[in-house]
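Just so you know, all these numbers are worked out from the coordinates, no wet-lab data involved. Just so it is clear, the structure is predicted and the values come from calculations on it, not from any experiment. Cβ placement follows ideal geometry from the backbone for every residue including glycine, while neighbour counts extend to all protein chains displayed.
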Amino acid sequence: MLEPLVGQNTGPDAFQDHTGYEAFVNAFHVEDYIDSDSERRDEDTSELMRQGGKAALELSKRLEIEGMYRVVLSFDNEFPAMTLRFFESREGEPWISEDLDEYPLEGILVIDTGC
């Protein structure tokens, strides 16, 4: 099952910069931690939004004392799916555009810490 992944390089050298690697490694799919019922999509989506928002805020509070970090919560309503990522803020390594309107198919929340 995992054999196709063996030949793929997912280490730091496979990424454009350190921030891209951190965003890849520090990604959590919120829906994996929520009980869902395919017949209750609206309720599941509401719970996904509540838990994702809560996790993003809590993570940003914890990272605040560590320095300058960016917490990114993205929501894709098509599945629905929600991904929570975090990475250190580095000059010249933005990973995500400052103009969130460039992502019309996703809802995105960005929290910067240590500013």
Of the conditions (1) assigned to a loop (DSSP other than H, G, I, E, B); (2) under 24 Å from Asp17 (Cα atoms), the single one that Leu73 does not satisfy is (1)
All conditions in (1) out of contact with any helix residue (DSSP H, G or I) (no Cβ under 9 Å at 6 or more places or on another chain); (2) crowded, with 16+ Cβ neighbours inside 10 Å are true of Leu84 except (1)
Quick one: count up the residues across the range 42-81 that are surrounded by fewer than 16 Cβ atoms within 10 Å (Cβ to Cβ), farther than 17 Å from Asp32 by Cα and touching a strand residue (DSSP E or B) at 6+ places or on another chain (Cβ under 8 Å). 3
So Arg62, is it under 22 Å from Asp112 (Cα atoms) and touching a residue at least 40 places away in the same chain (Cβ under 8 Å): no
